[in-house]
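Only the coordinates and a few stated rules stand behind these numbers; no lab work does. It should be emphasised that the depicted structure is a prediction, and the values quoted were computed from it without experimental measurement. Here the Cβ positions follow ideal geometry from the backbone for every residue, glycine too, while neighbour counts run over all protein chains shown.
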2 protein chains.
Amino acid sequence: MVEGLAKSHPELIERIPDTRVLARIDKRPGKVGLVSGGGSGHEPAHAGYVGQGMLSAAVCGDVFTSPTPDQIYEGIKAADQGKGVLLIVKNYTGDVMNFDMAKELAEGDDIEVDQVIVDDDIAVQDSTFTTGRRGVAGTVLVHKIVGAAAEAGASLSELKALGEKVISSIKTIGVALSPCTVPEVGHPGFELGADEIELGIGIHGEPGFSREKIMSSHDLAKQLLDRIDKEHQFASGDKVVVLVNGMGATPLMEQYIFSNDVHEWLGEKGVNIQKTIVGDYMTSLEMAGLSLTVLKLKDEKWLELLNFPVQTIAWK
Amino acid sequence: MVEGLAKSHPELIERIPDTRVLARIDKRPGKVGLVSGGGSGHEPAHAGYVGQGMLSAAVCGDVFTSPTPDQIYEGIKAADQGKGVLLIVKNYTGDVMNFDMAKELAEGDDIEVDQVIVDDDIAVQDSTFTTGRRGVAGTVLVHKIVGAAAEAGASLSELKALGEKVISSIKTIGVALSPCTVPEVGHPGFELGADEIELGIGIHGEPGFSREKIMSSHDLAKQLLDRIDKEHQFASGDKVVVLVNGMGATPLMEQYIFSNDVHEWLGEKGVNIQKTIVGDYMTSLEMAGLSLTVLKLKDEKWLELLNFPVQTIAWK
């Protein structure tokens with residue numbers, strides 16, 4: 001897959017030889033580097049977001065397995081342009097540990113490294129692979145906002161502060177209609193009847209918090225937004241960005257039907273949707289399902305940064 | 001779905017009231033209009049390609065069912081800017097007939113209308129819904145190339161000639177690992193064992209020409225390219241564009257693995273891949289599978305047109 005990405009998009013990215021690191025080809029001296037990554041199986045995350053205006057490099061682990069510290073260290077070196085490197089890490093125990101070890105390796109080379117940890121998933125606390133909340137689809141919004149700010153010249157400390165403020169404003173929850181199968185395991189992570197839906201699933205086949213009978217898109221939107229509302233406490237006039245994210249096997253048609261229901265629910269609350277993003281941005285192999293992310297715009301600049309031009313494979 | 005598309009992307013498209021037509025919002029007087037569409041269930045085709053540099057309007061039928069002539073007529077009226085309208089039609093009996101009737105309706109209003117028929121699928125001749133070859137994923141390349149030329153100011157007759165030349169240079173073939181289910185039908189279009197692969201499938205659940213045991217991506221790439229080679233008769237130094245298109249439920253990871261194998265096969269033949277496009281561009285609901293499209297670049301300008309800037313939902 002890594003080789004396929006590099007061969008398919010030589011206009012944007014290159015593979016660092018003998019690694020699983022994909023780095024942008026147009027280096028910009030004096031710009032803070034941004035590195036993300038994690039287990040594979042979430043494509044287009046993260047390599048699809050490497051390029052002008054987003055990530056400097058992505059590190060690809062095995063399927064649903066954190067990349068090793070030495071690989072992440074190669075990613076940091078590829079991203080470093082003399083102004084430091086920010087790591088954007090999803091909150092899983094393995095990722096947090098390995099990115100932290102890579103940070104130490106790079107600091108030994110006098111590369112200044114800092115990090116932000118994304119934990120946008122409100123479904124569960126302390127799940128199979130996490131202490132605290134998991135990092136899921138909202139991570140892509142962090143890549144975009146922080147990536148645009150980095151391109152515009154922000155410093156490492158400014159990017160870290162921005163990233164942390166944005167992360168605290170992102171809430172996500174996901175559902176599955178069918179599970180996914182890790183190739184090396186050979187059987188699905190959980191079983192689900194044809195008439196069942198699992199609420200609160202993660203992006204690694206982790207089961208959710210509740211299994212229910214299948215429901216309409218309208219009712220599903222209401223359930224998920226009720227939960228997000230508990231976090232964001234929506235008020236009339238709030239400005240938000242919505243990301244409807246397909247998990248890999250959900251037709252885009254269904255994602256737009258769902259997006260319509262999300263718009264209706266938020267519209268009734270008087271919430272002002274400033275931007276809507278729909279599609280497969282952070283997948284879980286061939287899982288059928290979707291996640292809903294709502295970013296509360298606490299700063300007008302975030303919307304500008306979301307609309308800042310990019311040159312990547314997957315962000316349009 | 002139509003409403004969801006319109007609500008999610010007001011910065012790009014609008015729904016023509018009381019229709020299933022989605023039209024670009026930035027009208028450009030004096031530009032030839034481009035209209036496409038067909039049955040729904042192929043998203044992001046076709047509404048995802050409406051916007052600056054591609055289509056003027058897309059007409060959405062029921063799932064896998066041609067839109068009616070009156071709806072297409074509304075699309076033509078929305079696209080008309082006084083310089084005529086080109087229809088880009090996939091070669092299915094229902095679409096060809098309905099777009100033709102809409103053309104006559106529009107001509108009654110003195111709107112000059114012409115059309116091109118896309119028939120890129122080399123898998124079968126005269127299938128369930130077609131006389132001749134079917135129009136499949138290669139249609140998206142026609143939208144992009146002709147759309148860029150229209151934006152750059154080409155006339156209706158120039159666009160028709162360009163479209164026909166491009167269409168004759170596009171060859172596509174598709175495979176499925178699992179079928180799809182039309183919601184109103186309620187059961188899959190064909191049955192496929194877990195260890196089987198169907199070669200030559202269409203984008204409406206039509207069965208293909210051969211069912212085989214599952215094979216590696218490498219072997220599959222060879223089989224499909226051998227068939228495309230019979231059409232294109234590749235020679236060393238040929239310049240091509242490759243589109244690896246997911247059918248809806250195929251992880252992007254697998255699409256990139258396949259793209260790598262396509263690059264290797266074409267590289268061994270000395271064929272020069274000038275651009276590679278990978279992702280879900282013309283889907284078939286939740287079908288698992290992919291199609292491979294190879295456009296032979298008979299004119300250097302086509303690559304420029306493919307890289308011409310666009311503002312659409314789905315073309316990056």
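Between region B:246-275 and region A:45-95, how far is it from one alpha carbon centroid to the other, in angstrom?
Measuring centre to centre over Cα atoms gives 24 Å.
If only Cα atoms are counted, what is the Rg of region B:147-230, and what is its Dmax, in Å?
Spelled out, the Cα radius of gyration and Dmax of region B:147-230 are 18.0, 51 Å.
Take peptide B:303-314, look around each residue's Cβ out to 10 angstrom, count Cβ atoms belonging to other protein chains, and average those counts.
Numbers: counts 0, 0, 0, 0, 1, 0, 0, 1, 1, 1, 6, 4.
Rounded to a whole number, the mean comes out at 1.
If you restrict to DSSP beta bridges whose two residues both lie in the protein assembly as shown, what percentage is antiparallel, to the nearest 5?
Antiparallel bridges: around 55 percent, rounded to the nearest 5.
Would you kindly calculate the mean projected area, averaged across all directions, of the convex hull enclosing the Cα atoms of the protein assembly as shown, in square nanometres?
Numbers: hull surface 102.0 nm².
With the hull built on Cα positions only, its mean projection is 25.5 nm².
Tell me the net charge near residue A:196. Cut-off is 15 Å between Cβ atoms, residue A:196 excluded, with +1 for each Lys or Arg and -1 for each Asp or Glu. Intermediate results must be reported in sequence, preceding the final value.
Working: positive: A:211, A:213; negative: A:191, A:195, A:198, A:212, A:219.
With Lys, Arg at +1 and Asp, Glu at -1, the net is -3.
So, in nm, how far is label residue B:70 from label residue A:27 when the simple model puts each one 7 Å beyond its Cα toward the Cβ?
Result: 6.4 nm between the two label points.
Please state the shape class of region A:231-316: rounded when a/c is under 1.5, otherwise prolate if a/b exceeds b/c and oblate if not, all from the C-alpha gyration tensor. Don't jump to the answer; show the numbers that get you there.
On the way: a/c = 2.28, a/b = 1.27, b/c = 1.80.
Cα axes put region A:231-316 in the oblate bin.
In nm, to one decimal, how far is the modelled label at residue A:126 from the one at residue B:194, with both set 7 Å along Cα→Cβ?
3.6
Please give the charge dipole size of region B:178-257, origin at the Cα centre, charges +1 on K and R Cβ atoms and -1 on D and E Cβ atoms. Round to the nearest 20 debye. Working shown, then result.
Values: 6 positive and 13 negative charges, 47 e Å.
For this selection, approximately 220 debye.
As a check on your reading of the symmetry: which chain B residue has its Cβ nearest the axis that brings B onto A, and how far is it in Å?
Residue and rounded Å distance to the axis: B:249, 2.
Counting other beta carbons within 10 Å of each residue's own, what order do A:226, B:280, B:119 fall into, fewest first?
Working: A:226 11, B:280 27, B:119 24.
Ordered from fewest to most neighbouring Cβ atoms within 10 Å, A:226, B:280, B:119 come out as A:226, B:119, B:280.
Compute the Kirkwood hydrodynamic radius of region A:170-297, taking the inverse of the mean of 1/r over all pairs of distinct Cα atoms, and give it in Å to one decimal.
Working: mean 1/r = 0.0678 Å⁻¹.
Value: 14.8 Å, from the Cα pair sum.
With Cβ to Cβ distances under 11 Å as the rule, what net charge do the other residues near residue A:256 carry (K, R +1; D, E -1)? Write down the numbers at each step before the final one.
Details: positive: B:7; negative: A:254, A:261, B:3, B:43.
Computed value for this residue: -3.
Which loop-located GluC sites (Glu not before Pro) does region A:156-223 contain, where loop means any DSSP state but H, G, I, E or B and the Cβ has at most 16 other Cβ atoms within 10 Å? Intermediate results must be reported in sequence, preceding the final value.
Values: sites: A:158, A:164, A:184, A:191, A:196, A:198, A:212; in loops: A:184, A:191.
Of the GluC sites (Glu not before Pro), the ones in loops of region A:156-223 whose Cβ has at most 16 other Cβ atoms within 10 Å are A:184, A:191.
Expected output is a single nm value to one decimal: the length gained when fully extending between residue B:212 and residue B:307, i.e. 0.36 nm times separation in residues minus the C-alpha distance. What is it?
Result: 30.5 nm gained on full extension.
To the nearest 20 debye, what is the magnitude of the charge dipole of region A:112-205 about its Cα centre, counting +1 on the Cβ of each Lys and Arg and -1 on the Cβ of each Asp and Glu? It would help to have the intermediate numbers written out before the result.
Numbers: 6 positive and 14 negative charges, 57 e Å.
Charge dipole, region A:112-205, about its Cα centre: 280 debye, nearest 20.
Distance in nm between label sites at residue B:269 and residue A:114, each 7 Å beyond Cα in the beta-carbon direction?
5.2
Dipole of the protein assembly as shown, Cα-centred, from +1 at each Lys and Arg C-beta and -1 at each Asp and Glu C-beta, to the nearest 20 debye? Walk me through the numbers on the way to the answer.
On the way: 58 positive and 92 negative charges, 289 e Å.
I would put it at about 1380 debye.
Taking neighbour counts of Cβ atoms within 10 Å as a proxy for exposure, in what order, fewest first, do A:214, A:13, B:117 appear? Don't jump to the answer; show the numbers that get you there.
Values: A:214 12, A:13 23, B:117 20.
Least to most surrounded, the residues fall as A:214, B:117, A:13.
As a test of the formula, what do you get for chain A when each DSSP H run with n ≥ 4 contributes -39,500 (n - 2.57) and the sum is divided by the residue count, at 222 nm and rounded to the nearest 500 deg cm²/dmol? Walk me through the numbers on the way to the answer.
Numbers: 8 runs with 99 residues, N = 316.
Theoretical 222 nm ellipticity from helices: -10000 deg cm²/dmol.
Taking the DSSP beta bridges in region A:2-168 as the whole, what percent of them are antiparallel, to the nearest 5? Please list the in-between numbers first.
Working: 6 of 21 bridges.
Bridges in region A:2-168 are about 30 percent antiparallel.
Please express the shape of chain B as an equivalent ellipsoid: the semi-axes are the square roots of 5 times the eigenvalues of the C-alpha gyration tensor, given largest first in whole angstrom. Mind showing how you got there, number by number?
Values: eigenvalues 185, 102, 56 Å².
For chain B, the semi-axes come out at 30, 23, 17 Å.
What FRET efficiency would be calculated for the residue pair residue B:100, residue B:185, taking the C-beta separation as r and a Förster radius of 25 Å, to the nearest 0.05?
Numbers: r = 27 Å, r/R0 = 1.08.
So, using R0 = 25 Å, E works out to roughly 0.40.
Provide a whole-number value for the mean count of partner chain Cβ atoms within 10 Å of the Cβ atoms in peptide A:279-291.
On the way: counts 7, 5, 0, 0, 3, 1, 5, 9, 2, 2, 0, 0, 0.
For peptide A:279-291, the averaged partner shielding equals 3.
Once you order the gyration tensor axes a ≥ b ≥ c over the Cα atoms, which shape class does region B:1-123 get: rounded for a/c under 1.5, otherwise prolate or oblate by comparing a/b with b/c? Walk me through the intermediate numbers first.
Details: a/c = 1.45, a/b = 1.04, b/c = 1.39.
Rounded is the answer for region B:1-123, as its axis ratio a/c remains below 1.5.
How would you classify region B:186-242 from its alpha-carbon gyration tensor, with a ≥ b ≥ c the square roots of the eigenvalues: rounded for a/c under 1.5, else prolate if a/b is greater than b/c, otherwise oblate? Please report the intermediate quantities before stating the final value.
Numbers: a/c = 3.12, a/b = 1.98, b/c = 1.57.
Cα axes put region B:186-242 in the prolate bin.
So for B:131, B:139, fewest C-beta neighbours within 10 Å to most, what's the order?
Numbers: B:131 12, B:139 31.
Arranged by neighbour count, lowest to highest, B:131, B:139 become B:131, B:139.
Expressed as a rounded percentage, what relative contact order does chain A have, with Cα pairs under 8 Å and six or more residues apart? Before the final figure, lay out each step's value.
On the way: 761 pairs, mean separation 57.6, N = 316.
Answer for chain A is 18 percent.
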